[in-house]
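Enquirer: My structure is below; once you've seen it, I'll send some questions.
Each value in this text was obtained by applying a stated rule to the coordinates, not by laboratory testing. Predicted, not measured: the structure shown is a model, and the values here were computed from it. All Cβ positions, glycine included, derive from the backbone under ideal geometry; neighbour counts span all protein chains shown.
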Amino acid sequence: MKNKSNSVFEKRNFILIGVGTALVIIGFLLMMGPGTTLDHFEPDIFSVRRIRVAPMVSLVGFIVMIFGILYKKKS
């Protein structure tokens with residue numbers, strides 16, 4: 001007898017959701033950095049890493065998570 005669980009998600013779904021979550025966390029960590037205060041202007045707030053790379057990494061992470069949730073193995 002095969003022991004099948006009634007879970008909607010399979011191992012592959014959990015792996016994709018985990019990878020997506022890790023990408024989102026990495027994207028938010030890439031956005032971190034020193035901020036501008038009234039006494040000191042920090043030009044790093046306009047760096048390519050914080051403006052373009054980090055949001056794209058987070059967006060890809062969200063897309064991977066959505067794909068992981070919607071993915072269904074063809075039987």
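Enquirer: With unit charges on the beta carbon (Lys/Arg positive, Asp/Glu negative), name the residue among V53, P34, T21 whose Cα is farthest towards the positive pole of the charge dipole of the chain.
Expert: Selected residue: T21.
Enquirer: Here's something else I'd like to know. Tabulate in residue order the Karplus-calculated ³J(HN,Hα) for segment 56-70, using 6.51 cos²θ - 1.76 cosθ + 1.60 with θ = phi - 60°, rounded to whole Hz; enter x for Gly and Pro.
Expert: 5, 5, 5, 4, 4, x, 5, 5, 5, 5, 5, 4, x, 6, 8
Enquirer: What number, rounded to the nearest 500 deg cm²/dmol, is the helix-based mean residue ellipticity at 222 nm of the chain, given -39500 (n - 2.57) per DSSP H run of at least four residues and division by all its residues?
Expert: -17500 deg cm²/dmol
Enquirer: Let me ask something additional. Could you compute Rg(Cα) / (2.2 N^0.38 Å) for the chain, with N its residue count?
Expert: 1.65
Enquirer: Pairs of lysines 8 or more apart, or on different chains, with alpha carbons under 15 Å: count those in the chain, would you?
Expert: So the count works out to 4.
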